[in-house]
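Structure first, commentary second.
All of the numbers you see were taken from the coordinates with simple rules; none came from a lab. Since this is a predicted model, take the numbers as computed values, not measurements. Positions of Cβ are backbone-derived with ideal geometry, glycine not excepted, and every protein chain shown enters the neighbour counts.
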Amino acid sequence: MPKVPLRTRLFISHLIVMAVAIIALAGISRLSTPRYFVVTLERLEGRGIRIQQMRGQILDSFTDAWARGMVWSVLLGGGAAGGISYLLSRRIIRPLIRMEQITQRFAAGDWAARVPPSDIPELHQLGHSFNRMASELERVEQQRRELVSDLSHELRTPLTIVRGYLEALTDQKLPAAPETYERLIRETQRLQRLVEDLQELSKIETGYLPVQRQTLNLPPLIQPIVQRFRDQQLTSENPKIVVEIAADLPAVTADPARTEQILVNLLGNALQYTDIGQITISAWCQKDRVWIAVQDTGIGIAESDLPHVFERFWRADRSRNRRSGGTGIGLAICKRLVELQGGEIRVLSQINQGSNFQFWLPKAT
């Protein structure tokens, strides 16, 4: 059975309502009007006007005139009402047709189309919601393209290096020295970290990453992490790591493993961008929030770049981050892990004055 368009349905529904109204009006008028006319004639006779002999002829003439007037009223009124109904139906359907056309443009890859404003409040609100959805879809599509582009770029570099070394080893243009194999191992480890970070981020964004929140004391968690990084420092020229934790710091409600992952990512990121100076890990309480900050004296981040810090594959210094083996996903993972635990993360930074990453977790009750 063919489907009837909405515009046709609206027009037919208007015609049905109009037909019912006309039938009801004609029926009631046909039954009541002659009776009222007879009563009027009787009143005239009561006043001495002699129309008794002509009552039947007058009544027939009135009925005929009423019928002719009703026919013309139905034709003219029905035609006018039908035309107005058609125009109203088109006016209501036009924004919906535009939305359909825009969705077809979306399907063709054109994300710039938007629904124009409507003078019908409900359709205007629907168009506004549609445009907001379109903007979000455009943003998601742009992020998807950037993700594919960045991921291809990240994979291309280590794969090119590995292939070059393997071809040189195969052609015996490069000696099979331990340094060569160490370089190959570093590049494969970089690929492994990239895959693992992508898998971790995918689990977080799809909700498959379990978060087991419990009462957690931060000092016993922070100190071993700091000591682990201190043990990895080979020379005294490395930045000094300082811990400043409030004496009366309350416990938080958080997942120990995920909180440790956040701190490791932030501290490792600070070490990558700080050659000399100091890295300070501090923790304090503010109302029902416990703040943790990782502050460094490194190269800092430009103010224009701050809104993009927690985006995937973003780097303040691409060349340096690539040499240090970063994947550009660590901060995005930190942001989502903090949010999963009911907290929030932010960054304060200036060029050549260091960066300060701060996040809070809910205080345990």
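Under 11 Å from the Cβ of residue 116, count the other residues' Cβ atoms, weight Lys and Arg +1, Asp and Glu -1, and hand me the total.
Computed value for this residue: +2.
Would you mind checking which residues have amide H under 5 Å from residue 277's amide H? H placed 1.01 Å from N; only 5 or more apart, or other chain.
When sequence neighbours closer than 5 places are left aside, the close amide H contacts are 240.
Please sort 102-114, 241-253 by packing, taking for each peptide the average over its residues of neighbouring beta carbons within 10 angstrom, highest first. The partial results should precede the final answer.
Details: 102-114: 12.7, 241-253: 14.7.
Top of the packing list down: 241-253, 102-114.
Quick one, what does Rg over Rh come out to for the stretch 127-206 if you take C-alpha atoms and the Kirkwood Rh?
Values: Rg = 19.7 Å, Rh = 15.6 Å.
Rounded to two decimals, Rg over Rh is 1.26.
Any chance you could run the full-extension gain for residue 311 through residue 206? It's 0.36 nm times the residue separation minus the Cα-Cα distance, nm to one decimal.
On the way: separation 105, 0.36 × 105 = 37.80 nm, distance 1.65 nm.
Residue separation times 0.36 nm, minus the Cα-Cα distance, leaves 36.1 nm.
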